[in-house]
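The values are calculated or read from the model by the stated rules, or taken from the named source; none is laboratory data. Model, not experiment: these values are computed from the prediction. Heads up, the Cβs are rebuilt from the backbone with ideal geometry, glycines too, and the neighbour counts pull from every protein chain shown. Accessible surface is based on the protein model in full, side chains and every heavy atom, while ligands, DNA and RNA are left aside. Shrake-Rupley method; radii C 1.70, N 1.55, O 1.52, S 1.80 Å.
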Amino acid sequence: MHTLNECEKACKVRVVKLNAKTDLKQRLISFGIMKECVIEVLELAPAKSTIEIKVGKMRIALRAQEAKLIEVEKIDDES
Amino acid sequence: MMNHEEIKSCPVIANHIKIALVGQPNVGKSMLINSVSNAHLHVGNFSGVTVDKTEVLFDYKEYHFTVVDLPGTYAFTDYTIEERVTHEYLCAESYDLIINVIDSTSLEKNLQLTAELMSMSKNMVIALNMDDEAKKENIEIDVAYMSELMGIPCVKVSAVTKNGIEDLLNAVIEVRESTAQNAKLIFSEAVEEEIATIVNYLHKHKYEAINSYRNIAINLLKNNKKTYEKLHDNPIWTELQPILIEASKHVELHHDSDDIKEAFAEEYASFNRGIVAEVLYQEVKIEKKTITEKIDSVLIHPIAGIPIFLFFMWGLFQLTFEIGSIPMDWIDAFFGWLGDTVGATIANDDIRSLVVDGIIAGVGAVILFVPNIIILFIGIALLESTGYMSRVAFLLDGFFHKFGMHGQSFIPLVTGFGCSIPAYMSARILKNDRDRLLTLFIIGFMSCGARLPVYVLFIGAFFAPEMAGNILFAIYIGGAMLGMIAAKILKMTAFQGEDEPFVMEMPKYRLPSLKLIWHTVLTKTMMYLKKAGTFIAAASMLVWFLSNYPKNLFLENEYTSKIEAVQAEKSKITLENKLAEVLLEQSYLGQIGKFIEPAFAPLGFDWKMSVALQTGLAAKEVVVSTLGVLYALGSDVDAQNNSLISAISKNISFASAMSFIVVIMIYLPCLAASIVFTREAGGVKYFFYLFTFTSVIAYSMAFITYQIASMFS
Ligand SMILES: Nc1nc2c(ncn2[C@@H]2O[C@H](COP(=O)(O)OP(=O)(O)O)[C@@H](O)[C@H]2O)c(=O)[nH]1
């Protein structure tokens, strides 16, 4: 199982599970990060401390710490 | 049926429409409010919190509109103060209907909030804003179909081109005149089944309620606290509870999750996907990089990003304090002139002193900061409305997080090097309570411009000129580093607990709108003048009083006759200065200084230095002029004054001077800043925390400095 913080730049993944506690989970969901959604990693801050992702049309920044709580699976590049 | 005449005869009550404006951040709510012509703007605060509240009043057709702009919120979570304010307002306040503002260019994301609003069963109108941008991106939305699908009127508008504003208002009037709306929020089969079960149960027992049964059922399933509480005391609860537990289990099973809120979020999302699929057409999906992504690849570049940002900050800083100082000089000169002119017309000494040194100087001190505040807020409004601010947080969060702070803390902290007042105010860009409070506590460690004269004076007295620059730099950097350490310590003690998560939208880059910036800056400046202004003026008068009273006529007469007795101009001035010194010594302030002298003895301060520190509480610049008075040189001295420098190097030991500098670096910011701090932090208790916190650190650091320096000299 992968978590989002392990992803490299420009990789595309699908969310499998959110392991965050209630509050943070709510926050993630309100940003559209929920099961089944597709995430693209856009940019990594120096030392990977913060990552920028794209969900739908929305760009979101989050810390590696929070990204670690998002379980993802790689999407095979078919498109 | 009432006829038209009757309605007109009672316009105020009959035709008032109160609207709550709700939307996610950055959808253009403020812009929309501003685009209504001839509207009256009211700014204020939501009760109890430092969140700006903008109300707009205007007339359209035969109606009086009141629109309340609620802070942007992504969903009904209570994560930030803004979200809490919005949530509470929507649940508890009375209003006629909601206008839900939506960014047409990202419909699906925005509808997530809409779905939550729909489950509140209030009347609603949806404003599809940014229609102009949507057209550019070849997005087409079938509003008629969308209105039908959702059971809510949807109107295309553009706050920029002002298209569709009238349609929106007409739709609002129509909703207001019709009976209750029937929003059509449809869930998956599993959830609908459970809703039906609960509704049937409520029917059977003829439960009395204002809301529809469907609404109650949804709220129960969502674990809504209020609905629970209401039903909990009802006799049907004992039977209802097992049904509910069963229903929740079913829903959770269906979503393969043990979190009912997550399950509902997924329900909303799939409802929204359905809507979007039906009503939105976008020609040829351009999978190329968007403009925003192109700009981002430069601005948040792993290597170039931070230097670019530092350059912007440098520019803003230069503007704030270079250009800002020009009108500041004028304002200063104006109040000086005003004081002299008004003073000349008042015969009574006491009254003149009260008016000139107390009131006019006090009000002048408030107005003096306005240019700084305006320029800084224009800068911040630019950073925020272009979307760059979020990038800043992205770039710097890694570093600041190590010290328990947030990437955006950087801006208030840097501003603190100029002046603490705008710095405290700019801490509002931090949306999270704890992050903001922590930053507020640290700002004081960044030495503000007003402390510079004190440093220059003491460095001049004790160090060789070629060392001066390095020492000054060391003081500034030392303060900043101390601040970082203090932040870390606070984080591990007072602000202990789990880190606040950092999840933030990076909005699209947009060209700033002049009107919007003007609006934001005006709001902020008015707030400063209104709230802080009155306090600052009052407090300056208090300090004036403490340093001028009690009067001592005996001393005054004695010196006046002495002054008259001597001939030489020089000895006259010396005597006048001596009078100022003895008067200050026996004033309330001087008495306090004497009283607390023993407390400062371990730091190597005499009573003169203690008094100078206290007057520094009023404004840091005053420290130098107080020292001037106390060393009987008159108050017109500045940091470059050689006689003051030599007086200080003669009367103060090196070790005492060093510990004095340390105290100046750390202790409480000036009165005006402290008042702004208290307001921004949200309570007087925080002022006492700040007072204790800075005093303890200043005292212990100064003590250590004094001991070490004494060993060497
Ligand atoms: N193109 C376009 N831009 C808009 C429109 N409405 C607002 N904006 C821009 O969107 C940004 C955010 O607007 P603002 O009113 O601050 O959003 P709020 O956070 O919802 O109050 C600003 O830069 C506006 O200039 C619109 O109808 N069309």
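What residues of the range B:260-285 lose no less than 20 Å² of accessible area with every protein chain in place versus their chain by itself (probe 1.4 Å, heavy atoms only)? Residues shielded by partner chains are B:K261, B:E262, B:A265, B:E266.
The overall shape of the range B:603-713 is oblate: from the C-alpha gyration tensor, with semi-axes ordered a ≥ b ≥ c, the ratio a/c is 1.5 or greater and a/b is no larger than b/c. Between B:K650 and B:L338, the FRET efficiency estimated from the beta carbon spacing at R0 = 35 angstrom works out to 0.35. Measuring against 20 Å, Cα to Cα, the residue pairs A:K9/B:K402; A:K21/A:K68; B:K136/B:K508 contain A:K9/B:K402 as the ones spanning a longer distance.
Of B:T238, B:T105, B:T520, B:T692, the residue with the largest accessible area leads and the full order is B:T238, B:T692, B:T520, B:T105 (1.4 Å probe).
Ranking B:V22, B:V160, B:A568 by how far each Cα lies toward the positive end of the dipole of the protein assembly as shown (charges on Cβ) leaves B:A568 at the top.
Bridgeable lysines around B:K230 (alpha carbons under 24 Å apart, same-chain partners fewer than 8 residues away excluded): B:K122, B:K204, B:K206, B:K222, B:K249, B:K261. Multiplying the residue separation of B:E140 and B:N223 by 0.36 nm and removing their Cα-Cα distance gives an extension gain of 26.2 nm.
Counts of other chain beta carbons within 10 angstrom of each beta carbon in peptide A:48-54 average 5. Annotation: amide H of A:H2 within the under-5 Å range of A:V72, sequence separation 5 or more or interchain, hydrogens built in the peptide plane. Axis angle, to the nearest 10 degrees, between helix B:81-92 and the longest C-alpha principal axis of chain B: 50 degrees. Counting only heavy atoms of the protein chains and using a 1.4 Å probe, B:Y228 has close to 60 Å² of accessible surface.
What you get for the protein assembly as shown, charging only the Cβ of Lys and Arg (+1) and of Asp and Glu (-1), is a dipole of about 1420 debye around the Cα centre. The accessible area of B:T179, taken with all protein chains in place and a 1.4 Å probe, comes to roughly 120 Å².
Taking a ≥ b ≥ c as the square roots of the eigenvalues of the Cα gyration tensor, the range A:2-74 is rounded, since a/c falls below 1.5. DSSP beta bridges confined to chain B are antiparallel in about 45 percent of cases. Here the Karplus curve 6.51 cos²θ - 1.76 cosθ + 1.60, taken at θ = phi - 60°, turns the phi angles of the range B:211-227 into couplings of 6, 6, 4, 4, 4, 4, 4, 5, 4, 5, 5, 7, 6, 5, 4, 4, 5 Hz, with x standing for Gly and Pro. Modelled label positions at B:F687 and B:E88, each set 7 Å beyond Cα in the direction of Cβ, lie 2.2 nm from each other. Pull out a ≥ b ≥ c, the square roots of the eigenvalues of the alpha-carbon gyration tensor of the range B:13-177, then state rounded if a/c is under 1.5, prolate if not and a/b is larger than b/c, and oblate in the remaining case. In terms of gyration-tensor shape, rounded. Within the assembled protein chains, the solvent-accessible surface assigned to B:T694 is about 10 Å², based on a 1.4 Å probe. Taking the helices alone, chain B has a mean residue ellipticity at 222 nm of -20000 deg cm²/dmol, built from -39,500 (n - 2.57) per DSSP H run of at least 4 residues and averaged over all its residues. Overall, the range B:52-166 carries a charge dipole of about 120 debye about its Cα centre when +1 sits on the Cβ of Lys and Arg and -1 on the Cβ of Asp and Glu, all other atoms neutral. Under the rule of -39500 (n - 2.57) per DSSP H run of 4 or more residues, summed and divided by the residues of chain A, what mean residue ellipticity at 222 nm is obtained, to the nearest 500 deg cm²/dmol? Only helices count here, giving -4000 deg cm²/dmol. Across the range B:283-407, Cα-Cα pairs farther apart than 16 Å form 73% of the total. Here chain B is assigned +1 on the Cβ of each Lys and Arg and -1 on the Cβ of each Asp and Glu. Its dipole about the Cα centre then comes out at about 1600 debye.
In the protein assembly as shown, the DSSP beta bridges split such that about 65 percent are antiparallel, to the nearest 5. Relative to the current alpha-carbon distance between B:A464 and B:T534, full extension at 0.36 nm per residue lengthens the span by 20.8 nm. Of B:Y79, B:S94, B:S104, which is farthest along the charge dipole of the range B:73-113 in the positive direction, counting Lys and Arg as +1 and Asp and Glu as -1 at C-beta? Farthest towards the positive pole: B:S104.
Computed from the C-beta positions of B:N211 and B:F473 and an R0 of 56 Å, the FRET efficiency is 0.30 to the nearest 0.05. Between B:E174 and B:D78, the distance separating the two model label sites (each 7 Å from Cα on the Cα→Cβ line) works out to 3.8 nm.
Taking amide H atoms as placed 1.01 Å from N in the peptide plane, the amide H of B:G444 has no partner under 5 Å among residues 5 or more positions away or on other chains. For the peptide B:72-79, the mean number of other protein chain Cβ atoms found within 10 angstrom of a residue's Cβ is 4. Relative to the longest principal axis of the Cα atoms of chain B, helix B:107-118 runs at roughly 80 degrees. Ordered by solvent-accessible area of protein heavy atoms (1.4 Å probe), largest first, the residues B:V251, B:V662 come out as B:V662, B:V251. Only Cα pairs under 8 Å and 6+ residues apart enter the sum, and on that basis the relative contact order of chain B stands at 10 percent.
Each of A:C7, B:C91 has its accessible area taken with a 1.4 Å probe; listed largest first, they run B:C91, A:C7. Placing unit charges on the Cβ atoms of the charged side chains and taking the dipole of chain B about its Cα centre, the candidate lying farthest along the positive direction among B:M609, B:T523, B:F400 is B:M609. Taking 7 Å steps out from each Cα toward its Cβ at B:D258 and A:E8 produces label points 3.7 nm apart.
As a ratio to 2.2 N^0.38 Å, the alpha-carbon radius of gyration for chain B is 1.18.
Helix B:452-462 and the longest principal axis of the C-alpha atoms of chain B enclose an angle of approximately 40°. One chain, two ends: B:V566 and B:I245. Fully extended at 0.36 nm per residue, the span grows by 105.8 nm beyond their Cα-Cα distance. Using θ = phi - 60° in the Karplus curve 6.51 cos²θ - 1.76 cosθ + 1.60, the 3J(HN,Hα) couplings for the range B:575-583 round to 5, 4, 5, 4, 4, 4, 5, 5, 5 Hz; x is entered for Gly and Pro.
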